[in-house]
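First up is the structure itself, then whatever we jot down about it.
The values are calculated or read from the model by the stated rules, or taken from the named source; none is laboratory data. In this text, all values refer to a predicted model and were calculated from it rather than measured experimentally. With ideal geometry, Cβ positions are generated from the backbone for all residues, glycine too; neighbour counts draw on all protein chains shown.
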Amino acid sequence: MLDTPLMPLPHDGHVFTTNWPMRAGDVDKNWRLRLDGIARYLQDAGFDHLDAVDARAEHPAWVVRRSVIDVIQPPEFPSLVHINRWCSGLSSRWCSMRVRMTTDDGGLVETEGFWINFNAETLRPARITDRFEKLLSGTALTSRLRWQQWISDSPGPDDAVTPFPLRSTDIDVMAHVNNAMYLQAVDAALRTRPELHEVPTRTVIEYLVPIAPDDDVLLRTRHGEKDLTIWFTVGGKVHAQAMVLPLH
């Protein structure tokens, strides 16, 4: 599953396009767009997409279950980021959304997110409206999308353990840690793996159980020969997991 290729940009069907300038607060010391910056762009593009097709009022609350981020060539500041967003898979209550980010100087990031539509009042998965489903289906490769976990390994006794203190600014409107914040921990771990900054990489992060504001979070980190795996644990239970590996 970890080497599953992402769907190419379709020639037909609905593809949302937008662009905005990179911001200095989203880049690392080498002026490259960080992983958590990419995650924020994915969130913003999602809401802009809903607004553009007049679908936000009926679908105000989405939760991402998995993000796949293929950094082929890191976008560098200052650049204008061009974004294409389309549906690659669909079901009645969730969908997979592909996003391509490019810059005029060769930056390229390919992503796919597994998004669940939630009822904002009951906080339970809700049906996508017929109108929005019809729009998304024009590019979807399947209409029977199912969740399947990609990262199968579990943390072990030899993995490094470090605390992950939460800040009030990490919490979003759903009253749990925002998905972009997890990727700050991944970026921090990558500082000890410079070789993974020099080649195209795939980052897979799966959000299994929400992390609440008062949770005590421990990171369990495993450095493989060619990859890096991090588990976000609370009380010994895995709430999220991430893996970074080179693209072949």
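Considering every residue within region 139-151, establish whether at least one is crowded, with 16+ Cβ neighbours inside 10 Å, under 22 Å from residue 244 (Cβ atoms) and either at pLDDT 95 or above or of a type outside the set (S, T, N, Q) (or both). Checked region 139-151: at least one residue is crowded, with 16+ Cβ neighbours inside 10 Å, under 22 Å from residue 244 (Cβ atoms) and either at pLDDT 95 or above or of a type outside the set (S, T, N, Q) (or both). May I ask you to list the residues in region 166-181 that are out of contact with any helix residue (DSSP H, G or I) (no Cβ under 8 Å at 6 or more places or on another chain), in contact (Cβ under 8 Å) with a residue 24 or more places away in the chain and either not aliphatic (A, V, I, L, M) or not assigned by TED's automatic domain parsing to the domain that holds residue 228 (or both)? Correct list: 168, 176. Within region 94-127, the only residue that satisfies the criterion of being in a loop (DSSP other than H, G, I, E, B), crowded, with 19+ Cβ neighbours inside 10 Å and either β-branched (Val, Ile, Thr) or on the phi > 0 side of the Ramachandran plot (or both) is 103.
Residue by residue through region 55-102, note down the ones that are polar (S, T, N, Q) and touching a residue at least 40 places away in the same chain (Cβ under 8 Å).
Correct list: 67, 73, 79, 84, 88, 91, 92, 96.
Between residues in region 122-140 that are closer than 13 Å to residue 13 by Cα and residues that are basic (Lys, Arg) and modelled with pLDDT of 95 or more, which pairs lie under 9 Å by C-beta distance while being six or more apart or on different chains? That search, which allows pairs on different chains as well, returns 133/127; 139/98.
Screening the candidates 3, 51 for the property of being surrounded by fewer than 13 Cβ atoms within 10 Å (Cβ to Cβ), assigned to a helix (DSSP H, G or I) and at negative phi yields one hit, 51. Comparison of 206, 225 shows that the only residue that is surrounded by fewer than 17 Cβ atoms within 10 Å (Cβ to Cβ), charged (D, E, K, R) and outside the structural domain of residue 40 (by TED's automatic domain parsing) is 225.
The selection criterion, being surrounded by fewer than 21 Cβ atoms within 10 Å (Cβ to Cβ), within 25 Å of residue 176 (Cα to Cα) and not aromatic (Phe, Trp, Tyr), holds for residue 26. In the set (1) touching a Leu at 6+ places or on another chain (Cβ under 9 Å); (2) more than 28 Å from residue 152 (Cβ to Cβ), the condition left unmet by residue 7 is number (2).
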